Amino acid sequence: MKAVIPAAGFGTRFLPLTKAQPKEMLPVVNKPTIQWVIEEAVDAGITDIAIITGKHKQAIENHFKPIKKLERALEKAGKDKELEEIRKINDIANLEFIIQEEQKGLGHAVLCAEDFIGADSFAVLLGDTICTGNPNCTKGLVDLYNRKGSSVFSVEKIKPEETKRYGIVSGSEVEEDVLLVNGLVEKPEPASAPSLFGIQGRYVFTSEIFEHLNKTNLGSQGEIQLTDAMQSLSQIQNIYSWTFKGKRYDIGTMRDWFESHLRLSLETEYKDIIENILF
């Protein structure tokens, strides 16, 4: 199985911070957001990964390339731990970088990876969302996909006032935490939302999704909506949602970034430092 990580957006909510630095490269604890995402895919057994970027996001590719001058300097200084860490980053996975020439939405970003994926099944992990748990979110979806043989994605229970921020799912429960999906609506008003299950940003698709993405018309914002293609796919293939019980950290706004940095720091060896500063 392969994976696709969309990471081509401008990150306008973070300007001026993201004028030259991609949002996906914002640090959370001690590494960039997108490194957390790639590590999740690798922990799920996926090592062939396409990152969908823009021409302004060379920093992402640079982060995962070897810097021999730095390695020699660390080796000369006897900084073996630091040298090991950066070499792990260099060898983290088989990464391919694909440029999304136009910003036409999440569905279009996934469509950019069609040649890379071919006829394989594949995972999609949003590049600005960190998920933690045991099993990790992508691993749980891969396991469910292997049981069902159909496209699957993760959801979480949200508050009614949050429906305008999510794709919302309706369906019938077929096993604990698993719905057979019969409807998807993109960012509905609370009064018209079919449920309180919001899509989290983790998916495993069969390659048939590309046929439906290619047939999906541009929406009112000039974007190809992934949920529209999923709704179309659900007419010919069972699609399942899985309620992920771990934690999700959405690096979507400045507040979200601060909160993610703080909460994830409290789960690491930096916990004592944070508690001493705050309390």
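The values are calculated or read from the model by the stated rules, or taken from the named source; none is laboratory data. Given the structure is predicted, the values throughout are model-derived calculations rather than measurements. Every residue, glycine among them, receives a Cβ derived from its backbone with ideal geometry; neighbour counts consider all protein chains shown.
Which of the residues belonging to the stretch 164-177 are in contact (Cβ under 8 Å) with a residue 12 or more places away in the chain, of a type in the set (D, E, K, R) and in a loop (DSSP other than H, G, I, E, B)?
Within the stretch 164-177, just Asp177 meets the criteria.
Checking Leu196, Leu179, Leu213 one by one, the residue that is closer than 27 Å to Glu114 by Cβ and not aromatic (Phe, Trp, Tyr) is Leu213 and no other. Filtering the stretch 125-161 to residues that are in contact with a helix residue (DSSP H, G or I) (Cβ under 6 Å, 6 or more places away or on another chain) and either among the aromatic types (Phe, Trp, Tyr) or part of a strand (DSSP E or B) (or both) leaves Leu125, Ile130, Cys131, Val152, Ser154. Whenever a residue of the stretch 178-207 is over 10 Å from Pro160 (Cα atoms) and modelled with pLDDT under 85, its partners that are assigned to a loop (DSSP other than H, G, I, E, B) and not charged (D, E, K, R), lying with C-beta atoms within less than 6 angstrom and at least six residues away or across chains, give the pairs Glu186/Gln225. Scan the stretch 244-264 for residues that are surrounded by fewer than 18 Cβ atoms within 10 Å (Cβ to Cβ), touching a Lys or Arg at 6+ places or on another chain (Cβ under 9 Å) and either among the aliphatic types (A, V, I, L, M) or under 16 Å from Asn182 (Cβ atoms) (or both) and the total you get is 1. Annotation note: Cβ proximity below 7 Å between a residue of the stretch 6-29 that is free of Cβ contacts under 8 Å to residues at least 40 places away in the same chain and surrounded by 21 or more Cβ atoms within 10 Å (Cβ to Cβ) and a residue that is aliphatic (A, V, I, L, M) and in a loop (DSSP other than H, G, I, E, B) (sequence gap 6+ or interchain) occurs for Pro22/Ala7. The residues listed here are Ser241, Ser232; of these, the one that is touching a Gly at 6+ places or on another chain (Cβ under 7 Å) and not acidic (Asp, Glu) is Ser241. Within the stretch 241-260, is even one residue part of a loop (DSSP other than H, G, I, E, B) and of a type in the set (Phe, Trp, Tyr)? Checked against the condition, which is being part of a loop (DSSP other than H, G, I, E, B) and of a type in the set (Phe, Trp, Tyr), the stretch 241-260 yields at least one hit. If you take the residues of the stretch 214-226 that are surrounded by fewer than 22 Cβ atoms within 10 Å (Cβ to Cβ) and in a helix (DSSP H, G or I), which of them is modelled with the lowest pLDDT? The selected residue is Lys215.
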